[in-house]
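Notes follow the structure.
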Amino acid sequence: MPAPDLDSVRYVRLTTFRRTGTAVHTPVWFAPVPGGWGVITETGAGKVKRIRAGSRVVIAPCDARGRVADGAPEWTASARLVTGDEAVAVRRAVRRRYRVGYAAFSLVWIAQSAVERLRRTHDALPETAIVFAIAP
């Protein structure tokens, strides 16, 4: 399958796998970064735990609800969690790509984080960056 041209795609369905092999589909925002495409998500999200357990993911263009059109291509990819400068680059790339939507989402995220801190259920790192690269 040819390399994907994801420039015109608004969302991708990121499929991660449980230890049992069960697929879990999640629509995500993404942006090109060096070495692939980057995604940001909450640190405690299931997809983060599943990527820690195994790096294989499947990517497909989708709508905001994660629905993939009939006949749409899918690509097997390798995902990894990134930190430091690489995570900052992912966050900046996603922010540039989604601008107003990202800003609105960030405000909600900040409010939720404040409530979680008050409840002491908040993880030390509110977000995690993921980079996925399509397998050749």
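When segment 67-101 is filtered for residues that are of a type in the set (S, T, N, Q) and either within 18 Å of P32 (Cβ to Cβ) or assigned to a loop (DSSP other than H, G, I, E, B) (or both), the ones remaining, listed by number, are S78, T83.
Give the residue that is farthest from the chain's Cα centre (by Cα), with candidates limited to residues of segment 14-61 that are small (G, A, S), part of a strand (DSSP E or B) and within 16 Å of V131 (Cβ to Cβ). Explain how you work it out, then say what you get.
Filtering segment 14-61 for residues small (G, A, S) gives 21, 23, 31, 35-36, 38, 44-46, 53-55, 60.
Imposing the further condition that a residue be part of a strand (DSSP E or B) reduces the set to 23, 31, 36, 38, 60.
Checking which are within 16 Å of V131 (Cβ to Cβ) leaves us with 31, 36, 38.
Values: A31: 9, G36: 12, G38: 7 Å.
Only one residue tops the list, namely G36.
Scanning segment 5-22 for residues that are farther than 21 Å from D63 by Cα and exposed (fewer than 10 other Cβ atoms within 10 Å of the Cβ) yields R19, T20, G21, T22. Candidates are the residues of segment 36-66 that are touching a residue at least 40 places away in the same chain (Cβ under 8 Å) and loosely packed, with under 14 Cβ neighbours inside 10 Å; the one that is farthest from E127 (Cα to Cα) is D63.
Values quoted throughout were computed directly from the atomic coordinates according to the rules given, and no laboratory measurement underlies them. Source: prediction; values computed, not measured. Reconstructed Cβ throughout: ideal geometry from the backbone, glycine too, with neighbour counts over all protein chains shown.
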